[in-house]
Amino acid sequence: MVQMQFRVIPAVLAATVFGVAGLALAAGPSQAQQITMKFATLTINDVQHEYIKTYKTEIEKTTNGRIKVEIYPAGQLGGPPRQTEGVRLGTIEAAIGPSELFFGADPRFQVLAMPLFKNNEHARKSIDVPAFRQAISEVSGPRGLVLMGINVYDQQSIVTKTPVAKLADFPGKRIRVLASEGEQASIAALGASPTPMGLPEVLPALQQGTVDGANSVLGVFVAFRYHDAAPHLLDTRLWALMPVALVSKVWFDKLPADLQKAVMETGRKIEPEMHKWQITRIADDRKAWLEKGGKIVKLSPAEQVEAEKRVGNAVQAVLAKAAPSKELYDKLKAIAATVN
């Protein structure tokens, strides 16, 4: 009887041990810690918002759900200063916005919003050059920001409450800008008064007459329905808006190596798809703007040349006071000049 007990008990124990071990192995992958990635942007229903949505789909698939992306468009996590600070501190894991949005982290971020590119396709080809991306990464890293992606939004334009069709129409106009020195100096060079303002404040400011117009891109004007408050668009194309997708270095450094690789590769992988999406969207936005009563005009050829000259001089004056920014601008300009 005693011997029988010794034979049965080990068998039961063995079955139990192996059963528990099997359950543990089977459950292991599903019980892996899920990592949250809050991804913020100031805009909504545009290429920046689309980038985050596409990124979410791809990274969750690539990592089998180990990284879960939470999407926060339309400034839900705060304006430019708060988003910049949040990503640097790690309270926000990622953000995407025009490079000059991150001017507070490093003034060199404004360089991408200076005259560098001939058009959107030239911009896309330029940022695909490894040396170009590396130069931006070298700015981001020491500021606690990891460059994950660069995209092309569109060429800059200006909407106003009353028609502006020539340079003589700018004096006396208060134009909303981002807070970068380059953008403020460029709008001032056109003859207007630059007024730094966060994006969520712009439409009410236009409606109330606090500002007379806004500097941005057509996609923003359509997404935020500016066609009623400021229906007159001047297609100046003096520089490009280049959204950069940045990840918190504090957060990134805590990830295992395989997830770090996935985060970076996914950000770069979806860029071509986003560019195609945006080219189609620009055409759709132009049509929508006109259908809703918006107007689109350009400066005369002679005035366009004059505007480019004024902005170029204004940018050089800003760069003359900041050697690191000038060094980066000259490097990126030289790279872009090699691209057809």
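Read-outs throughout are calculated quantities, based only on the coordinates presented, and are distinct from any laboratory measurement. Note that the structure is a prediction, hence the values are computed from the model and not measured. Here Cβ is always computed from backbone atoms with ideal geometry, including for glycine, and neighbour counts include all displayed protein chains.
Points worth noting:
- Protection-proxy order for peptides 268-277, 301-310, each taking the mean of Cβ atoms within 10 Å per residue, highest first: 268-277, 301-310
- For a paramagnetic label modelled on Glu306 (point 7 Å from Cα along Cα→Cβ), amide N atoms under 13 Å away belong, within segment 158-191, to 165-171, 190-191.
- Only Lys, Arg, Asp and Glu carry charge here, each on its Cβ (+1 for the first two, -1 for the last two); on that basis segment 72-226 has a dipole of about 220 debye about its Cα centre.
- Averaging 1/r over every pair of different alpha carbons in segment 81-208 and inverting the result gives a Kirkwood radius of 16.2 Å.
- Cβ-derived FRET efficiency at R0 30 Å, Lys287 paired with Ala320, nearest 0.05: 0.10
- Descending by average beta-carbon neighbour count within 10 Å, the peptides 217-225, 93-101 line up as 93-101, 217-225, the highest first.
- Farthest toward the positive end of the dipole of the chain, out of Pro194, Leu147, Ser157, is the Cα of Leu147, where the dipole comes from beta carbon charges about the Cα centre.
- Within the chain, percent of DSSP bridges classed antiparallel, to nearest 5: 55
- Cβ crowding within 10 Å, taken as a proxy for footprinting-reagent exposure, orders Arg133, Arg237 from fewest neighbours to most as Arg133, Arg237.
- Counting only Cβ charges, +1 for Lys and Arg and -1 for Asp and Glu, the dipole size of the chain around its Cα centre is about 220 debye.
- Amide H partners (placed H, <5 Å) of Ile35, local residues excluded: Ile67, Lys68
- Calculated Rg and Dmax of segment 177-258 using C-alpha coordinates, Å: 16.6, 52
- Residue order, fewest to most surrounding Cβ atoms within 10 angstrom, among His232, His122: His122, His232
- Label-point separation in nm, Thr338 to Arg225, each point 7 Å along Cα→Cβ: 4.8
- Kirkwood Rh in Å, taken over segment 245-340 so that all alpha-carbon pairs contribute: 18.3
- Convex hull volume of the C-alpha atoms in segment 167-206, normalised per residue: 55 Å³.
- Listed values [x] 137; [y] 157; [z] 145, entry calculated as volume of the Cα convex hull per residue in Å³: [y]
- For segment 79-137 versus segment 158-228, the gap between their alpha-carbon centres in whole angstrom: 21
- For the chain, the 222 nm mean residue ellipticity estimated from helices alone, with every DSSP H stretch of n ≥ 4 adding -39500 (n - 2.57) and the total spread over all residues, rounds to -16000 deg cm²/dmol.
- Overall form of segment 30-88 per C-alpha gyration tensor (a/c, 1.5; a/b vs b/c): oblate
- Principal axis extents of the Cα atoms in segment 22-160, from largest to smallest and rounded to whole angstrom, are 63, 32, 31.
- For segment 64-126, the Kirkwood estimate of the hydrodynamic radius, built from every pair of different alpha carbons, is 13.6 Å.
- Segment 32-191 - percent relative contact order, Cα under 8 Å, separation 6 or more: 20
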